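Contents: one structure, followed by commentary.
What follows draws every value from the coordinates through simple rules; no lab data is involved. Fair warning: this is a prediction, and the values are worked out from it, not measured in the lab. Note that each Cβ is placed from the backbone with ideal geometry, even for glycine, and that neighbours are counted across all protein chains shown.
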Number of protein chains: 2
Amino acid sequence: MRILLTNDDGINAKGINVLYQHIKELGETYIVAPERERSASGHGITVHKPLRADEREKRQYAVSGTPADCVKLALEALMPAPPDLIISGINLGPNLGTDVLYSGTVSAAVEGIMAGIPSFAVSLVSHDGDSDFNSAAEVTAKLCRRVHLNEVPPETLLNINVPAVQYQQLKGIKITTLGLRRYVDAVQERKDPRGKSYYWLAGRVEDISAGDDTDIAAVNEQFVSLTPVHFDLTNYRILEQIRSWQLEI
Amino acid sequence: MRILLTNDDGINAKGINVLYQHIKELGETYIVAPERERSASGHGITVHKPLRADEREKRQYAVSGTPADCVKLALEALMPAPPDLIISGINLGPNLGTDVLYSGTVSAAVEGIMAGIPSFAVSLVSHDGDSDFNSAAEVTAKLCRRVHLNEVPPETLLNINVPAVQYQQLKGIKITTLGLRRYVDAVQERKDPRGKSYYWLAGRVEDISAGDDTDIAAVNEQFVSLTPVHFDLTNYRILEQIRSWQLEI
């Protein structure tokens, strides 16, 4: 088995290195990750400037780009053959519900499934840099063995969030849907020393829809959440209604 | 009616300015757009540094951030009250099928619907900077009047692509699904003067799925495509199958 690890916290982040320690026995494991933190990079790709890939150790590359860049580069230039599995993470911080739209971690996995390769995005539900990633890494390694990779439909990635508790305290795993989160008070205005306004994006999370089935509810109850995520954003339910308007231009 | 215009080509781009000329009669129209081109920024937001908003003219702001930043800032800091409609565009270049995942243009509209505001993303199917945006702007203005905004479900944006032809040559409008595009030969390796490798993301588009119903097919036939796009990425069809695996950790 050939495995590609990437992330958006950067190649030096604790999450990807703990994951590597747990995964490397499963097969030939590559790391191709951003040289620095690229959080909240969304699904950005770098088209206006060239990319560099610095080989730090055998099969480990630091890339001057986004997580999506890393996957493209790994598949098309750095790896001798495509991986059987791509794992993006372990991210420091949850990627739940609507968060996935902003998530560099998830975007790397999207890039993977767009290339036809089964992909996981894995996140630790904690913002504390001192968090212990071992139980999340252990969960990921177990899922690598147990998930029926050949039964996951193409164009579907598995988005996994692991509560930041000891392994024994995890209550199990739930197959979930994406909840809906919003950020309220999202912008803070401040004045610089010259009296001119500037703005910070901030805001606290408000869980709009966190029903029993959602990833948000699962992690709140100390379950690992596993959500199948695809990238066909067409809202099929509304197609016929819009057609009935008989729009003309 | 209060309207917010934004884009990812930057506030000085032709597309947003031609659009403004066609839209401004419909109501009080604001422009809050990036100060420079932010193409392929995906759904990135700026969290590590503060944002500036420079008021260029009355109700027109150039922002030092991404398209998604612009919408957040417009709604929470710059506009006196939320708009009734957000239009992102007119983008120079199509946003068809899988492209929407990378698109700063679409991400601004996603940000709009996440705030509960009806939103359009509008793109011109041309990469030629000298293209005429007038027919696309006219189409957009007509759709602003004719779309039943109150019937578009929350969390659904309308993604509109207009072929780059004269208005009279447009064959009409089709309500479409997102096709599937892939980029082949996506990475080009080169050597710098010191013999070290660097890489360009490149590649030509290959339309994997461009059936009759898709946006890709519609614009190829000189129709305007209108695709309802939502942001619930859960793959519901696979939920039960994954549950049947009875995964344990």
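Taken along its principal axes, the alpha carbon cloud of the protein assembly as shown reaches lengths of 64, 51, 44 Å, longest axis first.
Averaged over the residues of peptide A:154-161, the number of Cβ atoms from other protein chains lying within 10 Å of each residue's Cβ is 2. Dividing the summed -39500 (n - 2.57) terms of all DSSP H runs of n ≥ 4 by the residue count of chain B sets its mean residue ellipticity at 222 nm at -6000 deg cm²/dmol.
Close amide H pairs (under 5 Å, H built 1.01 Å from N) link B:SER123 with B:ASN91, B:ILE160, B:ASN161, B:VAL162, residues at least 5 positions away or on another chain. Every Cα-Cα pair of the stretch A:111-249 was included, and the share exceeding 26 Å stands at 45 percent. Add +1 for every Lys or Arg and -1 for every Asp or Glu among the other residues with Cβ under 13 Å from the Cβ of B:ARG145, and state the total. Local net charge: -2. Here is how far apart the A:LYS196 label points are across copies: 3.5 nm, shortest first, using a point 7 Å from Cα toward Cβ.
Is there a simple number for the mean count of other chain Cβ atoms within 10 Å of the Cβ of residues in B:220-233, and what is it? Write out the running numbers ahead of the final one.
Details: counts 0, 0, 0, 1, 2, 0, 5, 5, 9, 5, 6, 7, 10, 18.
The shielding value for this peptide is 5.
Taking 18 Å as the straight-line reach from the Cα of B:LYS191, the aspartates and glutamates in range (excluding those fewer than 8 positions away in the same chain) are A:ASP54, A:GLU55, A:GLU76. Once backbone amide H atoms are built at 1.01 Å from N, B:THR214 has B:THR177 as its partners under 5 Å, excluding neighbours fewer than 5 places away on the same chain.
When peptides B:20-27, A:90-97, A:218-225 are ranked by their average number of other Cβ atoms within 10 Å per residue, the highest-first order is A:90-97, A:218-225, B:20-27.
Could you rank the peptides B:194-200, B:106-112 by their average count of other C-beta atoms within 10 Å per residue, with the highest value first? Kindly include the intermediate steps, with their values, before the conclusion.
Details: B:194-200: 12.9, B:106-112: 30.3.
With the highest mean Cβ count within 10 Å placed first, the list reads B:106-112, B:194-200.
Copy-to-copy label distances for A:ASN134, where each label lies 7 Å from Cα along Cα-to-Cβ, are 7.1 nm in order of increasing length. With the biggest extent put first, the Cα atoms of chain A measure 53, 52, 47 Å across the principal axes. Using 0.36 nm per residue and subtracting the Cα-Cα separation, the extra length available between B:LYS191 and B:LYS14 on full extension is 60.1 nm.
Per-residue packing, averaged as other Cβ atoms within 10 Å, sorts the ranges B:228-236, B:76-84, B:133-141 into the order B:133-141, B:228-236, B:76-84, beginning with the highest.
For the pair B:ARG56 and B:GLU28, a Förster radius of 22 Å applied to the C-beta separation gives a FRET efficiency near 0.85, rounded to the nearest 0.05. Amide H contacts for B:THR66 (H built 1.01 Å from N in the peptide plane; partners 5 or more residues away or on another chain; cut-off under 5 Å): B:THR46. Placing a pseudo-label 7 Å from each Cα along the Cα-to-Cβ vector at A:ASN134 and A:ASP212 gives an inter-label distance of 3.6 nm.
Counting only other chains, what is the mean number of Cβ atoms within 10 angstrom of the Cβ of each residue in peptide A:132-145? Please list the in-between numbers first.
Values: counts 0, 0, 0, 1, 0, 0, 1, 1, 1, 1, 3, 3, 0, 0.
That works out to 1 on average.
For each pair in A:LYS49/B:LYS58; A:LYS14/A:LYS196; A:LYS72/A:LYS142, compute the distance between the two Cα atoms and list the pairs where it is over 32 Å. Before the final figure, lay out the partial values.
Working: A:LYS49/B:LYS58 35 Å; A:LYS14/A:LYS196 39 Å; A:LYS72/A:LYS142 27 Å.
Flagged as over cut-off: A:LYS49/B:LYS58; A:LYS14/A:LYS196.
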